[in-house]
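Just so you know, all these numbers are worked out from the coordinates, no wet-lab data involved. Computed from a predicted model, the values in this text were never measured in an experiment. Cβ: placed from backbone, ideal geometry, glycine included. Neighbour counts: every protein chain shown.
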Amino acid sequence: MYLPKKDLVSNQLKKKYFNHNSILVLEDGESFPGFGIGFEGISSGEICFNTSITGYQEILTDPSYAGQIINFTFPHIGNVGANHEDLECEKAWVKGAIFNTKVTTASNFRAIENLDAWLKKNKITAICDVDTRKLTLKIREEGPQRASIFYHKTKKFNVKEILKLTRKLPKLEKIDLTQEVTCKKPYEWTGVKLWNLKGYPKQNKFNLHIVAIDYGIKTNILRNFSELGCKVTVVPSTISSEEIINIKPDGVFLSNGPGDPDKTGKYAVKTIRNILDKKIPVFGICLGHQLLALSLGAKTKRMHQGHRGANHPVKNLDENKVEITSQNHGFEVVKKTIPKDVEVTHLSLFDNSIEGIKSKTKPAFSVQYHPEASPGPHDSNYLFQKFVNLIQENKRA
């Protein structure tokens, strides 16, 4: 067998391992060198992986990813560039991103700029040329870890210093991130409907008024309500039940959001319980689902491996059918803590975890996944109409 000369091997190793301007460092000490993209600097968060093959701009602007670094399992992220329409929030709260392959020039009729330029503009530090498959297997088997991405074109990285910084980062189950991403004061959404090839059409007719508690709400949720003729008053996560009741809403929506539901629940549960006592219809998504469960007497816990992707099968127990769903959560409702007056309506076909509940005594239901998913799947989009129907039934009653 031919072996290259020692100095040639040395040069190859230098080229492979030392000719990088970026590095990903995990809290257990393992590191992944690569090439930086986006905003130069160092960014730390809890690493997770997402299995979606499209919709990366929506993922990167989802407030539920606050405090996290996303490892994309699909190798070709960034090919369709970036635009001003596919956003779930005005500000990107994600801490960083990891790509397998270097981003190519944008190739899509809707693209306004390359992903690299968009990442820079939104101050997102990212790394590419990383073995994302190996990283995904590690996260799946060992659970979530804190991590840091260092990227600088001229400065050299010090792995020991980056590791020290990484280990100082608080874990997600110990912090309430909703107060970082929530709106600072109430505002009215009387905006646009769902996207079509001409953009976002304006909604001019409103039949219902909904209060949405903003724990990190996605814009496409608001568009879905607008599509159905609902005016929405968006309020901060710490608002009192008295303030909400004074608005006299037809229904109350509990939004998605980041962080530990137990921490957010310290102030949110009292508010939700008071709303439920008034028999006001309630609908929750993701974190909102977990908070509704806490308010009805159940408990939540951290998952060994969260659900993040756009291909998760869920069993609808009410209708005995399977829905393909988009998901993003690292906590779940504990099945054995479900009270007798609460019914489980949906289950994950991946791990049998709870994906939906409804109250048997109050007009309230919730799901763990995202029926508003953009670009999709849309199997569960009917849930917004279901909430409107519940509101109308409650009015008649």
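Using 19 Å as the Cα-Cα cut-off, could you pick out the over-long pairs in K95/K266; K248/K279; K266/K315? The partial results should precede the final answer.
Details: K95/K266 25 Å; K248/K279 12 Å; K266/K315 31 Å.
Beyond 19 Å: K95/K266; K266/K315.
Short version: what are the Cα gyration tensor semi-axes of the range 130-226, square root of 5 times each eigenvalue, largest first, in whole Å?
Calculated on Cα positions only, the semi-axes equal 40, 19, 15 Å.
How many nm is it between the label spots at N196 and K266, if each spot is 7 Å from the Cα in line with the beta carbon?
Roughly 4.8 nm, to one decimal.
Return the whole-Å distance between the Cα centroid of the range 155-195 and the Cα centroid of the range 271-307.
What the calculation gives is 22 Å, centre to centre.
Return the lysines within reach of K138: Cα separation strictly under 19 angstrom, same-chain partners fewer than 8 residues apart disregarded; answer none if there are no such residues.
K171
Just list whichever of K91/K184; K278/K395; K102/K134; K299/K386 have alpha carbons separated by over 21 Å in the model shown.
Numbers: K91/K184 14 Å; K278/K395 13 Å; K102/K134 17 Å; K299/K386 25 Å.
Where the Cα-Cα span goes over 21 Å, the pairs concerned are K299/K386.
Test of understanding: express the Cα radius of gyration of the range 21-169 as a ratio to 2.2 N^0.38 Å, with N the residue count.
0.97
Identify all lysines with a Cα-Cα distance to K155 below 16 Å; exclude those on the same chain that are fewer than 8 residues away in sequence.
Once the sequence-local lysines are set aside, nothing remains near K155.
So what J values fall out for the range 253-263 if you push phi through Karplus, 6.51 cos²θ - 1.76 cosθ + 1.60 with θ = phi - 60°, rounded to Hz, Gly and Pro as x?
Result, rounded to whole Hz: 10, 9, 7, 5, x, x, x, 8, x, 5, 5.
In nm, to one decimal, how far is the modelled label at I245 from the one at R140, with both set 7 Å along Cα→Cβ?
Here the answer is 4.9 nm between the modelled labels.
What dipole magnitude, in Debye to the nearest 20, does the range 222-283 give about its Cα centre under +1 on Lys/Arg Cβ and -1 on Asp/Glu Cβ?
Result for the range 222-283 is approximately 80 debye, rounded to the nearest 20.
Pull up all non-local amide H partners of Q145: gap of 5 or more, or a different chain, and H-to-H distance under 5 Å with H placed in the peptide plane.
I47
Going 7 Å from the Cα of V334 along its beta-carbon direction, which residues of the range 259-298 have the amide nitrogen within less than 17 Å of the resulting point?
260-266, 290-298
What is the helix-to-structure angle for 382-396, meaning the angle in degrees between its Cα long axis and the longest Cα principal axis of the chain, kept from 0 to 90 and rounded to the nearest 10?
20
Taking each pair of distinct Cα atoms in the chain once, what is the resulting Kirkwood hydrodynamic radius in Å? Kindly include the intermediate steps, with their values, before the conclusion.
Details: mean 1/r = 0.0455 Å⁻¹.
The answer is 22.0 Å.
For the range 290-397, with the dipole built from +1 on Lys and Arg beta-carbon atoms and -1 on Asp and Glu ones, taken about the Cα centre, which of Q385, L292, H304 lies farthest toward the positive end?
Positive-most Cα among the choices belongs to L292.
What's the magnitude of the charge dipole for the range 21-169 around its Cα centre, counting Lys and Arg as +1 and Asp and Glu as -1 at the beta-carbon? Answer in Debye, nearest 20.
Working: 19 positive and 18 negative charges, 122 e Å.
Using Cβ point charges on Lys, Arg, Asp and Glu, the range 21-169 gives about 580 debye.
Give, rounded to the nearest 20 debye, the magnitude of the charge dipole that the chain has about its Cα centre when Lys and Arg contribute +1 at Cβ and Asp and Glu contribute -1 at Cβ. Please report the intermediate quantities before stating the final value.
Numbers: 57 positive and 42 negative charges, 135 e Å.
In total the dipole reaches around 640 debye.
On full extension of the chain, what length is gained from R133 through H84, given 0.36 nm per residue of separation minus the C-alpha to C-alpha distance? Working shown, then result.
Details: separation 49, 0.36 × 49 = 17.64 nm, distance 3.03 nm.
Gain on stretching R133 to H84: 14.6 nm.
Give me, ordered by chain and number, the residues 5 or more places off N311 or on other chains with an amide H under 5 Å from its own placed amide H.
Q327
At 7 Å along Cα-to-Cβ for each site, give me the label-to-label distance between K185 and N320 in nm.
About 5.4 nm separates the two model spin labels.
Using a cut-off of 12 Å between alpha-carbon atoms, which aspartates and glutamates can reach K205, once sequence neighbours fewer than 8 places away in the same chain are excluded?
Answer for K205, where 12 Å is the Cα cut-off: E227, listed by chain and number.
From the phi of every residue in the range 57-71, what ³J(HN,Hα) in whole Hz does the Karplus formula 6.51 cos²θ - 1.76 cosθ + 1.60 yield, where θ is phi - 60° and glycine or proline is x?
5, 5, 5, 5, 10, 6, x, 5, 8, 4, x, 10, 10, 9, 9
Which far-off residues, 5 or more places away or on another chain, put their amide H under 5 Å from the one on G356, with H placed in the peptide plane?
T345, H346, Q368
Do the sum for the chain: with -39,500 (n - 2.57) for every DSSP H run of n ≥ 4, divided by all residues, what is the mean residue ellipticity at 222 nm, to the nearest 500 deg cm²/dmol?
Dividing the helical sum by the residues of the chain leaves -7000 deg cm²/dmol.
Between R110 and K278, what is 0.36 nm times their sequence separation minus the Cα-Cα distance? Round to one decimal in nm. Present the calculation step by step, with values, prior to reporting the outcome.
Details: separation 168, 0.36 × 168 = 60.48 nm, distance 4.61 nm.
Value of the extension gain: 55.9 nm.
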